[in-house]
Every structure is written in structure tokens, then in C-alpha cells.
Amino acid sequence: MAGNQKAKGKAEQAKGKAKEAAGRAVGNERMEAEGRMEGARGDARQAKEKTKDVFKH
């Protein structure tokens, strides 16, 4: 289960970066902001999983 959550976090980070770059390229500030938000959500998920791993061992 933890591996699945880690993969989900990586996917959110990548999707967020792509969306942010696309928004920047077309000049769409809303899309750019949504991309930053998705990237941050992925970062948070990754941090949560790393913390769980630390306490697991």
C-alpha cells in the first residue's frame, strides 16, 4: 500500500509540473496555479509516506 501511495505522489508531482509548464506557455495563470497546487499535493504525499517509513523501522 505504501508503494502505491508513493507512486501516486510522484505522479501528482509530474502532472503538476506539466500543467504548470503548459499554463505558463499559454499564459493561463489559473492553469499554472493549479499545476503548482497539484505539485504541492504530491510533495505532501511523498513527505507523509517518508515519515511513515521512518516510524515503521
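Can you give me the % of accessible surface on the chain that is carbon or sulfur? Probe 1.4 Å, all protein chains present, nothing else counted.
Working: 2420 of 4160 Å².
Here it works out to 58 percent.
What number comes out for the charge environment of residue 51, summing +1 per Lys or Arg and -1 per Asp or Glu over other residues with Cβ under 14 Å away? Don't skip to the end; give the middle numbers.
Numbers: positive: 6, 45, 48, 50, 52, 56; negative: 43, 49, 53.
Surrounding charge for residue 51 is +3.
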**OP:** Can you work out the accessible area per residue across the chain, with the rest of the protein chains kept in place, probe 1.4 Å, in square angstrom?
**Re:** 73 Å²
Original post:
Once every DSSP H run of n ≥ 4 in the chain is given -39500 (n - 2.57) and the sum is divided by its residues, what mean residue ellipticity at 222 nm do you get, rounded to the nearest 500 deg cm²/dmol?
Top reply: -33000 deg cm²/dmol
Original post:
Can you tell which of 27, 16, 39 shows the greatest fluctuation in a Gaussian network model of the chain with Cα springs below 10 Å?
Top reply: 27
**OP:** Quick one: angle between helix 2-26 and the longest Cα principal axis of the chain, in degrees between 0 and 90, rounded to 10, please.
**Re:** 10 degrees
Subject >> Principal-axis tilt of helix 29-56 within the chain, Cα atoms, nearest 10 degrees >> reply: 10 degrees
**OP:** Rank these residues by their accessible area, most exposed first, probe 1.4 Å: 45, 24.
**Re:** 24, 45
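How high is the relative contact order of the chain? Use alpha-carbon pairs under 8 Å, at least six apart in sequence, and give a whole percent. Spell out each step's value before the answer.
Values: 63 pairs, mean separation 23.4, N = 57.
It rounds to 41 percent for the chain.
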Subject >> Net charge of neighbours whose Cβ lies under 10 Å from the Cβ of residue 20, counting Lys and Arg as +1 and Asp and Glu as -1 >> reply: +2
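So how do 52, 10, 19 rank on accessible area, 1.4 Å probe, biggest first, that is with the largest at the start?
Values: 52 105, 10 125, 19 60 Å².
So the residues, ranked largest to smallest area, are 10, 52, 19.
The values are calculated or read from the model by the stated rules, or taken from the named source; none is laboratory data. This one's a predicted model, so the numbers in the text were calculated from it and none came from an experiment. Neighbour counts run over all protein chains shown; Cβ positions are idealised from the backbone, glycine included. Accessible surface areas use protein heavy atoms only, side chains included; no ligands, DNA or RNA. Shrake-Rupley method; radii C 1.70, N 1.55, O 1.52, S 1.80 Å.
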